[in-house]
Amino acid sequence: MKLSDSVQIVSGVGPKKQNRLNGIGIYTIEDLLHYFPRTYEDRSHFTQLSRLKAGEKACVKGRITGVENKKLKKNLSIIKIAVSDNEARVDLIFFNREHLLRGYKVGQEIKAYGKVKKNGKSTEIECSVIEFASADKSALGRIVPVYPSTEGLSSNEIEKIEKAALDDIVRQGEPGGMEDVIPADIRKRHKLCSVRYAIENIHAPSSRDALKIALYRLIFEEFFLMVCKAIYNGFKLRSNNAVRMAVSPAIPGIIERLPFSLTDAQRRAMDDIFEDMQGQNAMNRLIQGDVGSGKTVVAGIPMANCVLNGFQSIMMVPTEVLANQHFNSIKKMLSHEAIKIRLLTGSTRPAEKESIYEELGSGDIDILVGTHALIQPGIRLKRLGLAVTDEQHRFGVRQRLMLAEKGESPHFISMSATPIPRSLALAAYADMDISIIDELPKGRKAIRTQLFKKRDRQKAYAFALEQIKSGRQAYVVCPLIEASDEKNKSISVQHVYAELEAGIFKGHKVALLHGRLPQEQKQAVMADFENGITDVLVSTTVIEVGIDVKNASVIIIEGAEQFGLSQLHQLRGRVGRGECDSYCMLIQQGGNDESERLNVLVQSNSGFEIAEKDMLMRGPGEISGIRQHGYFKFKLADISRHVKILEAAKLCAKELFEADAELEGAQNTNLKAAVMAEAADEADIFVN
Ligand code: ADP
Ligand code: MG
């Protein structure tokens, strides 16, 4: 018998059962052995009758002292079997089980299992199992697995089939075909049992401890394989001949000359990066931090360090606006250094493009900031040392890979302003190390957030008008471009724009922005708003990234319940970027059931806290737009409950790839086969 054999050859599986097994996705012996119990009933200990507690399930032993059969209705009979041990007496209750119980007589020794109920002084057990004390193939006195059952296939039957397969394959010894995907040295170091022991004890635990050991090993394995797949198939930055870059003596001076002092969180993240850069494994690090937490400088200084080590560095961002912004701030930051910085976007003129291409190739340009234009085939760099992406969720694995492939084995930094719970980040970014910037620069004012019902929305606009009159600017965000029906009108950007321009904001400059406008027009609209020419920008979510207008003090979000909490938090981050007090007004279109969710935003300004709450309310699968490609579908592991195991597995996988990047070692043969079975695309996670 081999793992790849059909379940049909397991004794006790005929065509009918085979069909049913197929129905729940079990085709091979391997599938069968990886069909795990949903839970267990611990029937390994017998409880004395005097110690039974109401509500518990318990196993008991005793001598029958009476049998009573009551027919209540035509279809309902109750059998009461009185049982006693030396100390107490209980009644075992069975419904409609006459035929089963015919053999049980006064004086016999029995054992039984069921749920304990107290009824005044008397104790009853509503029983699901009864056996003679002498029964050898017992369903009692052990830990019993409960399988997810299905039509025509009970948990009991599945257990029998599992046992038969176990007997055949696991207990027969070699060659059982049970290859361990976890290399022996790792098993030893992490005290993991063998796969054989794990599979045997997950189905037929010999004790509670054995079950724990088996569970731990299998959960570890699920995480370990996920991470190994992500590293191996996803983003191949596992080269161990990256350039080691020391921290240049010029770095402290650059930090000193910043117009602000770094927050502790920024320092920690930068230390992580510098440590990675000194190693010979290419860094692949994600910097996660709320909007405004100051990620740009955390990547910008290492970019300078890369240049000071004699290499080039590039930064790719999703929009032209952002590219401009980063280009300017990095230039300002490094204005004292002899570092040549250029900008490349879709609107760079051909002649200039030409010269940039040339200077990149010759090594004249030290730092290049740009959009997708950076991954065009024409771009060649002389010696790329560090590549950075901002708003990394806007890029797929392939695009990041293309960027990294502009060099030999460059270090890599991704930045993300989508805070997600730590446990989820560990899994979602399985192939990356993560630094979290969970602190805003000092002096930042919290944004005041208020929730309005639709009927009160004029109050929000009246407030915005006050702000505009005092010289501030406002955003109005709508979920739709145009209304598909009358009901949607009030959340469509075109309708709201028309309404506001002719209504409350009459006499002020109101502009319309959405994704369907031509590129030049979009840029002109944004530029006008950035330069303070426009007072109110009525927009769809295109403003989510890349606009940084310090004078904007209010954002009104129509149809707020249409957005995820993290997205709302992201939108809210458009204000509060300067010195002025800032406000976010959420206008709720629909019913009250969304109020609780939206109130999370009113109460918290921390993206990480909001993401945690979002996960609690909607479950990890729904969180902040992380779309899963069959990715978190673990059988036993649960990322929110098993964070520690996930961390251990991740560290372990990382060490393994550092030692054997291509999994060429003989000890890694089985692992390599398992890891290669996964297509590259499946390791990709889309966040938006
Ligand atoms: P993020 O990309 O994380 O949203 P940015 O890097 O754009 O944030 O920084 C937001 C603003 O905060 C910028 O104007 C930046 O110069 C400023 N900034 C960054 N770090 C600090 C700091 N430690 N103290 C004060 N201001 C800071
Ligand atoms: Mg940023």
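The values are calculated or read from the model by the stated rules, or taken from the named source; none is laboratory data. On a predicted model such as this, the values are computed, not experimentally measured, just so you know. Note that we place each Cβ from the backbone using ideal geometry, even for glycine, and neighbour counts take in every protein chain shown. To get the accessible areas, we keep the full protein, side chains included, count just its heavy atoms, and leave off ligands, DNA and RNA. Shrake-Rupley method; radii C 1.70, N 1.55, O 1.52, S 1.80 Å.
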Within region 531-544, count every residue that is within 16 Å of ligand 1 (Cβ to nearest atom) and open to solvent by less than 10 Å² (accessible area, probe 1.4 Å).
-> 1
Pick from 482, 501, 486, 466: which is in contact with a Leu (Cβ under 9 Å, 6 or more places away or on another chain) and open to solvent by 50 Å² or more (accessible area, probe 1.4 Å)?
-> 501
Looking at region 86-106, which of the residues that are among the hydrophobic types (A, V, I, L, M, F, W, C), open to solvent by 30 Å² or more (accessible area, probe 1.4 Å) and not in a loop (DSSP other than H, G, I, E, B) is modelled with the highest pLDDT?
-> 95
Any hit, region 520-543, residues being at pLDDT below 90, farther than 24 Å from residue 450 by Cα and of a type in the set (Lys, Arg) | yes
Restricting region 329-342 to residues that are closer than 18 Å to residue 381 by Cβ and away from ligand 2 (no atom under 16 Å from the Cβ), the residue that is surrounded by the most Cβ atoms within 10 Å (Cβ to Cβ) | 341
Residue 57 is checked against (1) within 27 Å of residue 180 (Cβ to Cβ); (2) surrounded by 15 or more Cβ atoms within 10 Å (Cβ to Cβ) and fails just one. What number does that condition carry?
-> (1)
Yes or no: residue 292 in a loop (DSSP other than H, G, I, E, B) and either open to solvent by 20 Å² or more (accessible area, probe 1.4 Å) or within 15 Å of ligand 2 (Cβ to nearest atom) (or both)?
-> yes
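Conditions tested, residue by residue: (1) in the same structural domain as residue 55 (by TED's automatic domain parsing); (2) hydroxyl-bearing (Ser, Thr, Tyr).
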position: 120; (1), (2): yes, no
position: 123; (1), (2): yes, yes
position: 127; (1), (2): yes, no
position: 130; (1), (2): yes, no
position: 135; (1), (2): yes, no
position: 146; (1), (2): no, no
position: 149; (1), (2): no, yes
position: 152; (1), (2): no, no
position: 155; (1), (2): no, yes
Mind checking whether some residue in region 256-264 is closer than 20 Å to residue 325 by Cα, in contact (Cβ under 8 Å) with a residue 60 or more places away in the chain, open to solvent by 50 Å² or more (accessible area, probe 1.4 Å) and within 16 Å of ligand 2 (Cβ to nearest atom)?
-> yes
Only one of these conditions is not met by residue 301: (1) in a helix (DSSP H, G or I); (2) touching a helix residue (DSSP H, G or I) at 6+ places or on another chain (Cβ under 7 Å); (3) open to solvent by 30 Å² or more (accessible area, probe 1.4 Å); (4) of a type outside the set (D, E, K, R). Which number is it?
-> (3)
Of the listed residues (121, 57), the one being touching a strand residue (DSSP E or B) at 6+ places or on another chain (Cβ under 7 Å) and among the charged types (D, E, K, R) is 57
Within region 308-328, considering residues that are in contact (Cβ under 8 Å) with a residue 12 or more places away in the chain, in a helix (DSSP H, G or I) and open to solvent by 20 Å² or more (accessible area, probe 1.4 Å), the one nearest to ligand 2 (Cβ to nearest atom) | 325
For residue 78, all conditions in the list (1) within 50 Å of the chain's Cα centre (by Cα); (2) free of Cβ contacts under 8 Å to residues at least 24 places away in the same chain; (3) open to solvent by less than 70 Å² (accessible area, probe 1.4 Å) hold save one; what is the number of the exception?
-> (1)
Say whether the condition of being in contact (Cβ under 8 Å) with a residue 24 or more places away in the chain and either of a type in the set (Phe, Trp, Tyr) or in contact with a Cys (Cβ under 7 Å, 6 or more places away or on another chain) (or both) is met by at least one residue in region 205-214.
-> no
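Residue-wise test of (1) within 16 Å of ligand 1 (Cβ to nearest atom); (2) at pLDDT 95 or above; (3) acidic (Asp, Glu); (4) out of contact with any helix residue (DSSP H, G or I) (no Cβ under 8 Å at 6 or more places or on another chain).
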site: 225; (1), (2), (3), (4): no, no, no, no
site: 238; (1), (2), (3), (4): no, no, no, no
site: 255; (1), (2), (3), (4): yes, yes, no, no
site: 259; (1), (2), (3), (4): yes, no, no, yes
Criterion (touching a residue at least 60 places away in the same chain (Cβ under 8 Å), open to solvent by 50 Å² or more (accessible area, probe 1.4 Å) and part of a strand (DSSP E or B)) met by exactly one of 115, 160 = 115
